[in-house]
Amino acid sequence: MNDIIKHSVRFLLLTIIQSFVLNQLEIGLGIQLLIYPLFVFLLPFELGVIPMLVLSFTMGIIIDSISNTYGLHASSLTLFAYLRPVIFKTFSPREGYDVLKEPNIFEMGNRWFIYTFGILLFIHHFWFFLLEMFRIDAIFFILQKTLLSFPISFAFCILIQMLIVNKPKSR
Amino acid sequence: MFMRNLIAFLRRFQVFLIFMLLQIFALSTYFTFLNFPRSQYMTSASYVSGKMLNARNEVTKYVNLVKTSNILQKQNKYLREKLPMSYIRMENGWVKINDTLFHQQYEYIPGKVINSTVTRANNFFTLNIGWAQGVKRGMGVFSDKGVVGIIHISSEHFSVVKSVLTEDINIDVQIEPIGLFGLLKWDGRDPRRGQISGISNDLNIKRWSKVVTRSGSGIFPYGIPVGKVEKLKTVEGKPIWDVIIRYSEDFRTLQRVYVVRNLLLEEQQKLESLIPEDEENE
C-alpha cells in the first residue's frame, strides 16, 4: 500500500515537472531535459513487464497531451520500459537482485546505476530525438541534441533522486 | 493443434506483442497528427489540459508583462494617430460619405497564448479561445509584430495553433518591393529564422527587404509582416536560391495574438472551385 502511494506521487511529480516546467524551457543548442524515465526506472524489481509497459505508455500519453507532441514521449518511454528488464539482466549481480531493494543509486551503488540508467537513458534520448526530427539529412543535429541533452538529463535525474528517494539508513 | 500452437506462440511473445501494439499506436498518432488531427482529446485543447495550462499561465504571464504592455502602448499610439481627432481639416466644405465603398472583409478575434514550445521539430501553441469565440480550423493567427501560424484544431474554449515553426506550414508570403511570392518553410532548428525555398536566382533580392503575407488563400489579409530577408543561400547544381528570413516576431516571448476571420472566404472558395481540375489527367 505504502509503495503504491509512493510510486503514484512520483508519477504525478515527474509528469508535472516534465510537462509544465522542463518542456517549456529553451536552453539553446537543441538541449532538452527529459527526466520522466526516472519513474519507470525506480519501479520495483519484481513488477512484471506488461504492467510496466502500460504504466509508461499512460505517463507518456499524459505528457504528450499537455505538450502537443502526440505520441512522441509515449513511444520513447515504452521503449525504455521494454528494454529495462534486458539491461537489468545484463548487469545483474552474481546472486541476482534482492527484491526488497529499490533500483536507485543509493541502494544499488553508483557503478551499477551509471551503467544501467546511462545506457537506458541514452537509448531513450536517441530514439526521442530521432523520431522528433525524422530526417536523414538532420542526423548530425539529432546526434548533437542527444549528446548534449543526455549528460544534463542524467545529472538532473541524480539530483532528483536525492530529493524524492529515501536514503537507506547507514549500516 | 494449430490453435494450441497459436496460443503458445502468443504467450511466448506476449510482452513483445504488447510492446509493438503500444508503439504502433503511439507512432501512428504521432505521424498522422501533423496533417490530420482526428480528435481534440489528446491535445492541449482538451478541457483538462487547457484548464491546467491556463492556471500555469496565470503565474508565468507576469514575466513578460512589461514588454507586452510596451508593445501594446506602441500599437495604441499608432492607432490613436489614425483617429479623426488627430487630423486637421485642410479644406472646408462638404464631404461626401459613401458607406458602400468599403466592406469589412476581415475580423480579428483577440486571444492569449497559454502554452508554447519553440525547440521542437514541430511547435504548437495553445490559445485560450475556441469555437465558442468563433475560432475554426484553418484560420490565420498573427500578433502585433508578425505572423504566428494557422489554427490546427479547436475545442469549445481552447485551440491549438500550428505555428510557423512547423516543417510544412506553407504560408503564402511575398518579398516586398519586387512582389515575388513563395511558400514559407521552417527547417526545424532556429526559432528565429525561416526560409522560402525555390526562388529563381535571376531575381535581384536585396538583403533586409521586407517579407509580408499575401492574401492569396484568404487566410491572412495582405501585408502582415513575416520578417526580413537575411541571407540568400545558393542550392548546388540548381539555378535557385533558398531565401533565409529572420522572423519579426520573437516566438519565445509571444503572448497576445489575433485570429483572422475572413468574412468573404466562402465567396472566394466558391469562385475558385469553379476553376476546372487539371485537364491533362482526363
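The values are calculated or read from the model by the stated rules, or taken from the named source; none is laboratory data. If you're wondering where the values come from, they're calculated on a predicted model, not measured in any experiment. As a convention, Cβ positions derive from the backbone with ideal geometry for all residues, glycine included, and neighbour counts pool all protein chains shown.
Would you please name the residue that is nearest to the chain's Cα centre (by Cα), looking only at residues in segment B:232-257 that are within 15 Å of B:Ile199 (Cβ to Cβ) and within 14 Å of another protein chain (Cβ to nearest Cβ)?
Among them, the one singled out is B:Asp242.
From the list A:Ile136, A:Ile152, A:Ile164, which residue is within 14 Å of chain B (Cβ to nearest Cβ) and either at pLDDT below 85 or at positive phi (or both)?
So the residue among A:Ile136, A:Ile152, A:Ile164 that is within 14 Å of chain B (Cβ to nearest Cβ) and either at pLDDT below 85 or at positive phi (or both) is A:Ile136.
Does B:Ala121 satisfy the criteria of being modelled with pLDDT under 75, in a loop (DSSP other than H, G, I, E, B) and within 30 Å of A:Ser56 (Cβ to Cβ)?
When the stated conditions are applied, B:Ala121 does not pass them.
Output the residues belonging to segment A:7-34 that are in a helix (DSSP H, G or I), over 14 Å from the mean Cα position of the chain (by Cα) and among the β-branched types (Val, Ile, Thr).
Result: A:Val9, A:Ile16, A:Val21.
Can you tell me which residue among B:Val160, B:Val141 is in a strand (DSSP E or B) and away from every other protein chain (no Cβ under 14 Å)?
Only one candidate qualifies: B:Val141.
One residue is enough: does segment B:51-72 have a residue meeting the conditions more than 22 Å from A:Ile62 (Cβ to Cβ), surrounded by fewer than 10 Cβ atoms within 10 Å (Cβ to Cβ), at pLDDT below 75 and of a type in the set (A, V, I, L, M)?
no
Which condition from (1) among the aliphatic types (A, V, I, L, M); (2) surrounded by 15 or more Cβ atoms within 10 Å (Cβ to Cβ); (3) not in a loop (DSSP other than H, G, I, E, B) is the one that B:Ala132 breaks?
Status for B:Ala132: all satisfied but (2).
Which condition number in (1) crowded, with 23+ Cβ neighbours inside 10 Å; (2) more than 9 Å from chain B (Cβ to nearest Cβ) is the one that A:His73 fails?
A:His73 satisfies every listed condition except (2).
If you check A:Leu38, A:Leu43, A:Leu22, which single one turns out to be within 14 Å of another protein chain (Cβ to nearest Cβ) and not charged (D, E, K, R)?
So the residue among A:Leu38, A:Leu43, A:Leu22 that is within 14 Å of another protein chain (Cβ to nearest Cβ) and not charged (D, E, K, R) is A:Leu22.
Is it true that some residue in segment B:260-274 is more than 16 Å from the chain's Cα centre (by Cα), assigned to a loop (DSSP other than H, G, I, E, B), of a type outside the set (Phe, Trp, Tyr) and exposed (fewer than 11 other Cβ atoms within 10 Å of the Cβ)?
yes
Identify, please: which residue in segment A:61-75 is touching a residue at least 24 places away in the same chain (Cβ under 8 Å) and under 16 Å from the mean Cα position of the chain (by Cα) and is, among those, farthest from A:Asn2 (Cα to Cα)?
The extreme case among them is A:Leu72.
Go through (1) free of Cβ contacts under 8 Å to residues at least 24 places away in the same chain; (2) under 18 Å from A:Ile164 (Cα atoms); (3) within 14 Å of chain B (Cβ to nearest Cβ) one by one and return the number of the condition A:Thr15 breaks.
(1)
Is there a residue being small (Gly, Ala, Ser), more than 23 Å from A:Ile158 (Cβ to Cβ) and part of a loop (DSSP other than H, G, I, E, B) anywhere in segment A:69-89?
Yes, segment A:69-89 contains a residue that is small (Gly, Ala, Ser), more than 23 Å from A:Ile158 (Cβ to Cβ) and part of a loop (DSSP other than H, G, I, E, B).
Among the residues of segment A:80-92, count how many are more than 7 Å from chain B (Cβ to nearest Cβ) and crowded, with 19+ Cβ neighbours inside 10 Å.
So the count comes out to 3.
Hey, any hits in segment A:105-124 for a residue that's within 11 Å of chain B (Cβ to nearest Cβ) and either crowded, with 19+ Cβ neighbours inside 10 Å or within 21 Å of B:Phe25 (Cα to Cα) (or both)?
No, segment A:105-124 contains no residue that is within 11 Å of chain B (Cβ to nearest Cβ) and either crowded, with 19+ Cβ neighbours inside 10 Å or within 21 Å of B:Phe25 (Cα to Cα) (or both).
Do we have any residue at all in segment A:35-42 that's more than 15 Å from the chain's Cα centre (by Cα), among the aromatic types (Phe, Trp, Tyr) and not in a helix (DSSP H, G or I)?
No, segment A:35-42 contains no residue that is more than 15 Å from the chain's Cα centre (by Cα), among the aromatic types (Phe, Trp, Tyr) and not in a helix (DSSP H, G or I).
So A:Val40 ticks every box in (1) crowded, with 22+ Cβ neighbours inside 10 Å; (2) out of contact with any His (no Cβ under 9 Å at 6 or more places or on another chain); (3) closer than 26 Å to B:His152 by Cβ but one. Which box is left unticked?
(3)
Spot the failing condition for A:Val49; the list is (1) more than 8 Å from chain B (Cβ to nearest Cβ); (2) surrounded by 15 or more Cβ atoms within 10 Å (Cβ to Cβ); (3) modelled with pLDDT of 85 or more; (4) farther than 22 Å from A:Met133 by Cα, and only one is missed.
(1)
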